[in-house]
Amino acid sequence: MSIICISGSGNTGKSTLLGAFLQKWSNYATPTITYRDVIKSLNLPHSRLTTKKTQLAILCKSISDLETYPRDAKVIFDRCPLDVLVYSMWANLQEGSDVDDAFIQEIIPIVKESMKKIDIIFFIPLTDYAPIDIVDDGFRDTDEKYIHEIDNIFKALYQDYLINADNSIYFPKNDSPAIIEIYGSTQERLGMIADYINPTGEVITEETSILSADNLNNLEALLKDQGMQLDVENAQKKIYSKQTEQLK
């Protein structure tokens with residue numbers, strides 16, 4: 001099993017790197033329905049306007065993706081549950097946001113447990129070496145201040161991972177994915193990744209369960225509280241149905 005995720009703030013080249021990764025390691029898969037598709041299908045506010053419902057929808061999508069693939073799969077994801085925590089923490093600091101302290105405390109154990117399924121998170125930080133290249137794709141937020149604020153939260157959690165590995169409230173003790181900073185051009189990033197993934201795409205992993213019964217119950221309770229029990233699942237089915245029709 002090789003479960004890989006690419007994380008980081010917007011406009012850091014995650015999508016470009018994912019495409020290049022799939023060319024180099026063609027035996028890997030990635031979901032065809034993304035968190036963006038779910039947000040659009042549910043018509044949810046996002047980025048600086050994000051809400052509890054939006055973050056919960058993304059978290060459910062991310063966990064559903066991790067659970068979808070069998071134990072022997074080789075999969076790479078654009079973002080993971082850790083990203084949900086970062087963006088939720090940012091929203092929690094904003095005046096008028098409905099992402100309150102209670103929501104953060106409720107999702108921390110869910111995110112923490114879900115990371116047991118991930119082998120490696122490749123984190124792309126903003127650096128002076130690779131200046132930010134803001135591209136407006138009609139979806140991602142292009143506000144540079146917002147992008148840097150998200151990056152700062154990622155870096156703070158990364159430092160917590162490095163310093164408090166055995167006592168972090170955010171990462172599972174003795175079962176955390178490796179979190180590895182990568183930077184530079186796309187080719188340089190691929191070169192760094194190649195230090196951790198061999199030519200056949202193998203990494204050393206440990207098979208774990210993604211969610212305990214308690215955390216699964218917590219997630220279901222959150223969904224019920226937001227009136228979203230079936231929203232994310234139905235959104236994905238709707239998107240899949242449209243894709244299937246297009247292929248006929």
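The values are calculated or read from the model by the stated rules, or taken from the named source; none is laboratory data. Owing to the predicted nature of the structure, the values given are computational and were not obtained by experimental measurement. Don't worry about glycine lacking a Cβ; one is built from the backbone with ideal geometry, like all the others, and counts go over all protein chains shown.
Tabulated results
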quantity	calculated
Selected residue (only one of ASN27, ASN92 is over 14 Å from the mean Cα position of the chain (by Cα) and either of a type in the set (A, V, I, L, M, F, W, C) or farther than 23 Å from TYR170 by Cβ (or both))	ASN27
In segment 19-57, the residues that are in contact with a His (Cβ under 8 Å, 6 or more places away or on another chain) and surrounded by fewer than 19 Cβ atoms within 10 Å (Cβ to Cβ)	none
Neighbours by Cβ (under 8 Å, 6+ apart or cross-chain): first from segment 1-23, farther than 19 Å from ASN152 by Cα; second assigned to a loop (DSSP other than H, G, I, E, B) and among the small types (Gly, Ala, Ser)	MET1/ALA73; SER2/ALA73; SER2/GLY201; ILE3/ALA73
First in segment 142-161 and closer than 13 Å to GLY10 by Cβ and in contact (Cβ under 8 Å) with a residue 40 or more places away in the chain, second anywhere and of a type in the set (A, V, I, L, M) and surrounded by fewer than 17 Cβ atoms within 10 Å (Cβ to Cβ), Cβ under 6 Å, 6 or more apart	THR142/ILE134
Helices (runs of 4 or more DSSP H) contained in segment 23-94 and holding at least 3 residues under 23 Å from GLU113 (Cβ atoms) and of a type outside the set (Gly, Ala, Ser)	52-68, 81-92
Hey, GLY201 out of contact with any Leu (no Cβ under 6 Å at 6 or more places or on another chain), modelled with pLDDT of 90 or more and on the phi > 0 side of the Ramachandran plot or not	yes
Residue count, segment 31-61 (criterion: of a type in the set (Ser, Thr, Tyr) and more than 22 Å from GLN94 (Cβ to Cβ))	3
The lone exception for MET1 - which of (1) among the aliphatic types (A, V, I, L, M); (2) in contact with a Cys (Cβ under 9 Å, 6 or more places away or on another chain); (3) at pLDDT below 90 it fails	(2)
Qualifying position, being at pLDDT 95 or above and closer than 20 Å to ASP83 by Cβ, among PHE139, PHE171, PHE122	PHE122
